Each structure stands twice: as C-alpha cells, then as structure tokens.
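The values are calculated or read from the model by the stated rules, or taken from the named source; none is laboratory data. Worth saying up front: this structure is predicted, and the values here are computed from it rather than measured. No Cβ is skipped: glycine too gets one built from the backbone with ideal geometry, and neighbour counts run over all protein chains shown.
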C-alpha cells in the first residue's frame, strides 16, 4: 500500500478542492492511503459531504499553514506546525511515502529540503515543470515536455546538470511511458561549445552517458516545438523561461479576448475557430497532468498548480502513486550510481 | 448403495411438489415466530443481504444474470461481515434476514450462509414470482411495502426489547429502518403511515396489511442502532438527518467498533472481525486504524471509547485472542497504530449534533423516488 501525504491547506482553492480531489483519489486508487494534513476540524467537516473511502483517507492535524504569498523561509520559521512542514515530516518519519501539495512552491521545496535526504549521488534537487508542445511523446501521446530545474536552486554546475538530466529522463520514462525520452540542454546555440562552462561540461558528460538519450543542445525556440522531451537548465534560467512561456500564453489569451470584443469580423473568426481552440485547450489542459515533480530527494514530491481544482489534485495524487509504483527514486539512484561508477 | 424401500420412494414422490415449489420460489416462508413456551429474545439483529452482507452488483442486466447463476461458493461476503454475524450469534440473540432477493435464490443463499458459518433464525426473501403471476409489477421494485411488513410481522412473532438493523446505501434502507423504528416506538400515527404507504405506491391490500401489523406490533423504543453499509461510498453527511441511532459505515470493523461502544460486542469479538478483514487481503492494519479515526471524526465514537477499546483489546490479545497469528506484528505495535490515529486528530472536536426533529417520511419517500429516477436515467439501478 502506498501512503500519499497531501497538504490539504495549500493552494488557492484549499481546503475544499484539495479534499475533494483526495476523496476522489481514495476511490480510484484502491491501493493507496491518502493522508490529509491540515486543520482536522475543517477536514473532518468536509470529508463526510463527499464520496470517498473512509478506510483510505486519514487526517493528520496541523495547526497552521503557509499562505500562497508568504515568504517561504520566514513563514516556515514562524510556523513549525504549518501543514506543509508537518506533511514533509510525516514522510521523513516513514509514515508516508510521497507528498503532494498545491501550496506555496518555495515553502514546499524548502520544507522538503529541510526534512528529506537527497538520493545518493544527487548533489542538488531540481524542480520540474511541464509545458505543452507541438510534438507528442510516449505511448500515451503526451503533449507535455518536462523542463528542469525551474527554481529549486539558482545556479548549477556541469555535474548538477547531468544529475538533472538523469532525474528528468527517469521521470519522463515512468510518467509519460516514454521508453527513450530525448534529453537536451538549453543553451544559446546547438553547437557543443556554445554557452557557459557548466553547459559545455555537461554536454561532454552526457554524450558519454549511455543510459541517457542525449540529443545535444537546443535553443529557447525549440521548447514549444517539442524537439526535446526533457529540457535541462539551471534554476535561474529555467524560472525565467517558464515565466516567459506563461506570459506569452496569457498574452495570447488576452489578445484573443480583445479581438473578441473589438470587431465583429474578428469575433466571427474566433467563433469559427472555437472547436479547434477547444481541442487545443483539452490537449494542453494542465489539470490532466496534475503536477510537476521535485526530483532528487529520497521521496517523490509532486507540486500541483496553485490554482488546482479537485481534478488536478486527483491527477497529482495519481502521478505520485505512479512514481511510487514505478520506484522513481530507486531508478534515479540506480542511474546516478552507474554514472558515478563510470 | 442401499435400495430404498417402497415406502421411502412413495414418501419422496409425495414431497416432490413441495421440493419443486421450493426450487421455483413459490413459497413465502413466513417466519413462524417463537415456539410455545420459548423465552423472548433479548436482542434481535435484522440483516439485509445484497450489498449489506454480500458483495452484489445490480447495475446492469449482465450483473443481475451473473448474480442469479452464481453458486454459493462464487458468492462473496464483505470482509468482516461473516465474523460479525457469527459474533452476534449469542444466547438470547435472534438473527433475522430480510432480503430483496427473489425466493428462487433461497437454496444458494442458505448454502452461502452455511459456508460462512452463519446461523440464522429467520430468512425472508421476496416472492417476485407471485408478484408477476398477480400482475403486480410495481411490487417487484417496491422496497417499503415489502420490507416494512416483513419486519413488523417478525417483531410480532418474536418481540425483543432491543434491536439492531443492518442495511446499505443502495436503496431506501435508511428510510425503511427509521420508519420501522418509529412505528415500534409509537412515534408514527396510522394516518401518517397511510400517507407514507401511499407515497411509496403500495397496493391497497398491501397497505392494509402494513397498517394492521403496525397496529398489532408490540410497542417500545427497541431499535437501538441502525447500520448503513456505504457500498456505493455515498457521502455520509446526508445520513445525519436520521439521527445518532443510524450509523453509516464504510466497513464492518466500523460497525464492530460501535457495537463495542454499545456494549453488544467484546474487544475480543472486535478482534475477530478485524482478523477476518486482514485475512481477506483487502484491508491492512492501517486501513483499520484509519477506519477508527473516521468514526471519531464523524462523532460516531468517542476518544474515551477508542482508547478503552485499545486497552481491552490489549488484554484480550494477552489472553490468547491472537494466538497462532505469527503473521501479524506484535500487538503493542498494532495498538500503537490505533493510538497514533487518535492522536493525529489533535484536539479537533467532531461536529455537534443538531436537536433531532421528527422525520418527514412522505418527503423522504418522494426524494428517494426522485433519486431512483435520476439514477435510472443515468443507467444505474439497484436492489436491496
């Protein structure tokens, strides 16, 4: 039985949507136990109004929680009984196997970093994010590619980047059912000698890594095209790239809204395209993906989007369950060990 | 093989119509009540079968057909329910089964109960063949006009000062059981009952029989507890309107916990129910501990009762309740898992109970019909 700890108080729609998602997961994942961490009184009031399996959803009381806009370090120092910290401690103590949170990203990463150990051979953990692309991948025609690190740490050495590549590849193999995910380094040119020393060094190491399907360097414009299934970069660059991609998407939506209001002809054009837009939305629906992982620790952590609704939370729990069933952490540790030996 | 005498052969031939009639479900098997001079039971336990004791699917025609042709060995009981029923079989206790399954299933269901080591005093099934022959197609689906008189007649035949009822969330068990409890307690007037029967579309003569039984049934606030097995994993909140006496349970460990708190079961018997659930491989120790926590969160078990159970179970284990169970962790480890679940809740108090109002059964029956219509439209059905 896999025990998945869920921070019930984290997220824009917490605790209602988080509890609803966990309740649904208790029915669709009979091999799992869901541990909801948060205000026991509030959770105890919510659960009976939802379909769930009472033998498979337990509650762990946490007296406080970190708000979405709080500064992570200060908040965790001031609130030792915050739900994310209690949740990470439960996993560290062996009372849970994986963690899911839709709460404050910084606080989640920091809580795991404080409580959990890194896998043998891993020097730095990496936070991944998924991004919809033109090309699809894996047995399930997954439209999402994985980008890591998007902000767990600021800088990364060549060795760290190789570690990120191993972790991203292992995750894509398992979650996207992609037998040989294409791994690329993000740089300012495709040539092996382009970019800072860390990128050049990582390039050379990855060429020698037999377990990694390394396709070389890619540029920023290749990310939305889906040239690579796993895009490896340092946290600072990854975070800038991710925010820019999100900004572009939002701007496109705003422009479409503007067009809809501004001219009848444009509105008609959008209506004519509506079914195609709906299809695009369903393909790139982040809620179906559930969340993105924090990789490198001895336990899986899935970070769900802050705006997650129940469906997204259920899917994030399913991803965590899949990571446990497929022994993601074991697979990463094994490859890191093999790389270290060569 | 010994040759049968002529007398035996004639005797067998003369019972043939009875045996054929039994096989095709022609007979009603009206419970005979208590034999002359027999002491009345101290506690009666009434059980539904499908979705309460037996894992039965009725959601499609294929499910129905499968259920009809299953052998006793193919049928599967919910983990813990046979152990619970065996534990309830005590001196002065009476086990009565009222099921919506057709009378044609009697042999296979009786065999299943025998396989599980479950003994009973009454076993009433629905005579749908009679309903078809009389053109009473409404009666085939009707629950209240079938179960209510069966339970009232049973109580008239053998009256106990205490009763506990077991049903499920597939159909109207919660309504029927509360109505039965309130009729026995004298809280439902004959006029109100007549309106409920009208709302439940009972045929006039069936309604007259129910009213007659309601008039004759020995009065007393006998129904102490009603359990609704949440087979569909329905939200438990809507069941709060039926009051504290009705307890929705996800599994039979939860029912055993409440019966322990009620003083009906001992800690040792609770352990037997738990062991059967663990042996089924569908539950692990953590699930049972979480089930206990769920009951506490819903205000169905107090912290004191939970901790008392752990202490009593520790004593029972020390006196051999877990003898020869080398597959289990040491009892102290198990007890600690339960204590930890209690601690996990912190000081959170369960939601307070509102003052109980008399139930409006006509409205409840109308809602149930509407609910059933919606389910049918969605392609789901059910039978109790």
> For segment A:123-230, list the strands (runs of 3 or more DSSP E) that sit wholly inside it and hold at least 2 residues that are more than 21 Å from the chain's Cα centre (by Cα); which are they?
Replying inline: A:213-218
> In segment A:1-32, how many residues are within 8 Å of another protein chain (Cβ to nearest Cβ) and modelled with pLDDT of 95 or more?
Replying inline: 2
>> Which condition from (1) surrounded by fewer than 18 Cβ atoms within 10 Å (Cβ to Cβ); (2) over 17 Å from residue B:331 (Cβ atoms) is the one that residue B:264 breaks?
In response: (1)
> Which residues, taken from segment B:116-154, are in a helix (DSSP H, G or I), modelled with pLDDT of 80 or more and touching a helix residue (DSSP H, G or I) at 6+ places or on another chain (Cβ under 9 Å)?
Replying inline: B:144, B:145, B:146, B:147, B:148, B:149, B:151, B:152, B:153
> Here are some residues: B:340, B:289. Which one is outside the structural domain of residue B:90 (by TED's automatic domain parsing), in a helix (DSSP H, G or I) and crowded, with 22+ Cβ neighbours inside 10 Å?
Replying inline: B:289
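Residues checked against (1) touching a helix residue (DSSP H, G or I) at 6+ places or on another chain (Cβ under 6 Å); (2) without any contact (Cβ under 8 Å) to a residue 40 or more places away in the chain:
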{"position": "B:271", "(1), (2)": "yes, no"}
{"position": "B:274", "(1), (2)": "yes, no"}
{"position": "B:278", "(1), (2)": "no, no"}
{"position": "B:287", "(1), (2)": "no, yes"}
{"position": "B:295", "(1), (2)": "yes, no"}
{"position": "B:305", "(1), (2)": "yes, no"}
{"position": "B:317", "(1), (2)": "yes, no"}
> Taking residue A:48, is it modelled with pLDDT under 95, within 14 Å of chain B (Cβ to nearest Cβ), over 20 Å from the mean Cα position of the chain (by Cα) and not in a strand (DSSP E or B)?
Replying inline: no
> In the list B:207, B:222, B:261, which residue meets the criterion of being farther than 23 Å from residue B:80 by Cβ, within 21 Å of the chain's Cα centre (by Cα), away from chain A (no Cβ under 14 Å) and in contact (Cβ under 8 Å) with a residue 40 or more places away in the chain?
Replying inline: B:222
> What single numbered condition from (1) closer than 23 Å to residue B:172 by Cα; (2) touching a strand residue (DSSP E or B) at 6+ places or on another chain (Cβ under 7 Å) fails to hold for residue B:93?
Replying inline: (1)
> Does segment B:231-253 hold any residues that are closer than 17 Å to residue B:50 by Cβ, touching a strand residue (DSSP E or B) at 6+ places or on another chain (Cβ under 6 Å) and either surrounded by 22 or more Cβ atoms within 10 Å (Cβ to Cβ) or at the interface with chain A (Cβ under 7 Å from one of its Cβ atoms) (or both), and which are they?
Replying inline: B:249
